[in-house]
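Some notes on the structure that comes next.
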Amino acid sequence: MKDESRIDKGDGTFRSLYKLGGIAALIVAALTLGEILFFVFFPPPETIHGWFSLFQSNALIGLLDFWGLEIPMYLMFILVFLALYMHLRKTNHGLMVIALAFALLGVAIFLATNNPFSMLTLSKLHADATTEAQQSALLAAGQTILANTNQRAVGGFNIALLLVSAAGLITSLVMLQDHLFSRTSATIGILAFALSLADYLRQALTQS
């Protein structure tokens, strides 16, 4: 135990990880705000025809509208939760293992189900298609990607958000027990992630 304490305080690797985690958290906050503002000015289409038309008219807006900003956001979650785990594991190792596992699994699911570049490719193929059969096949493929994206905005259940929100709630509860974080910070985290989970459950229970 003495050696572990010495390593946490003195090893440059952990200090660098903590700094990177803090920077990553700020990036996540900035990307979240940026995504909200972007969706206000450029609302995502509701149909596959709308998505293909958007990608064909403006690929950049299409990529960002297809939750493109969430790709770097979820990657930043890895650094955030790794840094929090390395510190908070001394406070409650069991809960932090669960939180880290939830977070990493959520990131993996998001990256596996979010396919903006595949949608861009299909939209280009659809624009170049010369027969109705080809167009129909490409529309069906695009609809499949849209369904597999698992985003609430298109009526799916965002399991990635569920897992990351659960990880954040667990981490915030552990923060209450740690001397480094203020009760205010921990409480804000608890409320934010609890609201995220409540919104997920509302979407799931009211989905028709």
(request) Would you mind telling me which numbered condition in (1) open to solvent by 60 Å² or more (accessible area, probe 1.4 Å); (2) over 15 Å from the mean Cα position of the chain (by Cα); (3) over 27 Å from Lys124 (Cα atoms) Arg89 fails? (result) (1)
(message) If I filter segment 95-117 for residues that are at pLDDT 95 or above, surrounded by 14 or more Cβ atoms within 10 Å (Cβ to Cβ) and not hydrophobic (A, V, I, L, M, F, W, C), do I get at least one hit?
(response) no
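Listed here are the residues, each with its yes/no results for (1) assigned to a helix (DSSP H, G or I); (2) acidic (Asp, Glu); (3) at pLDDT 95 or above.
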position	(1), (2), (3)
Leu163	yes, no, no
Gly168	yes, no, yes
Ser172	yes, no, yes
Leu180	no, no, no
Ser185	yes, no, no
Ala192	yes, no, no
Leu195	yes, no, no
Tyr200	yes, no, no
Gln203	yes, no, no
(request) Please find, among Leu60, Leu20, Leu54, Leu26, the residue that is more than 30 Å from Leu122 (Cβ to Cβ) and modelled with pLDDT of 95 or more. (result) Leu26
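The values are calculated or read from the model by the stated rules, or taken from the named source; none is laboratory data. As the structure is a prediction and not an experimental result, all values here were calculated from the model. Ideal geometry is used to build each Cβ from the backbone, glycine not excepted, and the neighbour counts take in all protein chains shown. What goes into the accessible areas is simple: the full protein's heavy atoms, side chains included, and nothing from ligands, DNA or RNA. Shrake-Rupley method; radii C 1.70, N 1.55, O 1.52, S 1.80 Å.
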